[in-house]
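Input: a single structure, listed below in structure tokens.
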Amino acid sequence: MDETEIIPQPEVDNSWKTKTLVIGGVIGALVGVGGAFLLVRRAEQQGKPLAISTGKGVQLGMLIAGLLRSILSLGDG
């Protein structure tokens, strides 16, 4: 083998990564907008401005963290 010979590397198809990120981003955006819509609608029905307490914010954050943890475990055997 000559030292100047270039060994071609096999091409890796990374299109699935892009598709997964785009689909996940769209789904996340739709769920976020849907959740915000429901919060606004409920506040309007109650006739009060939207107010989320610190405790409710922390609770929501923990729920989202649990959801992400569940999504990460989907690939485990």
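Read the figures in this text as sums done on the coordinates, not as results from a lab. Every value quoted in this text rests on a predicted model; they were computed, and no experiment measured them. Glycine also receives a Cβ, built like all others from the backbone with ideal geometry; neighbour counts cover every protein chain displayed.
Let me check I've understood the local charge: for Leu39, count other residues with C-beta under 12 angstrom from its C-beta, Lys and Arg +1, Asp and Glu -1. What total comes out? Let's see the in-between values first.
Numbers: positive: Arg41, Arg42, Lys48, Lys56; negative: Glu44.
The answer is +3.
What lysines could a cross-link reach from Lys48, if we take a straight Cα to Cα line under 30 Å and drop same-chain neighbours fewer than 8 places away?
Counting by Cα, and skipping residues close in sequence, Lys48 has these lysines nearby: Lys56.
Of the listed values (i) 47, 16, 11; (ii) 75, 9, 5; (iii) 31, 23, 8, identify the label whose number matches semi-axes √(5λ) of the Cα gyration tensor in Å calculated from this model.
So the structure-derived entry is (i).
Rounded to the nearest 10 degrees, what's the angle between the helix 54-72 long axis and the longest principal axis of the chain, both from Cα atoms, 0 to 90?
On a 0 to 90 degree scale, this one is about 30.
How big is the charge dipole of the chain about its Cα centre, in debye rounded to the nearest 20, if each Lys and Arg gets +1 on its Cβ and each Asp and Glu gets -1 on its Cβ?
Numbers: 7 positive and 7 negative charges, 241 e Å.
In debye, rounded to 20, the chain gives about 1160.
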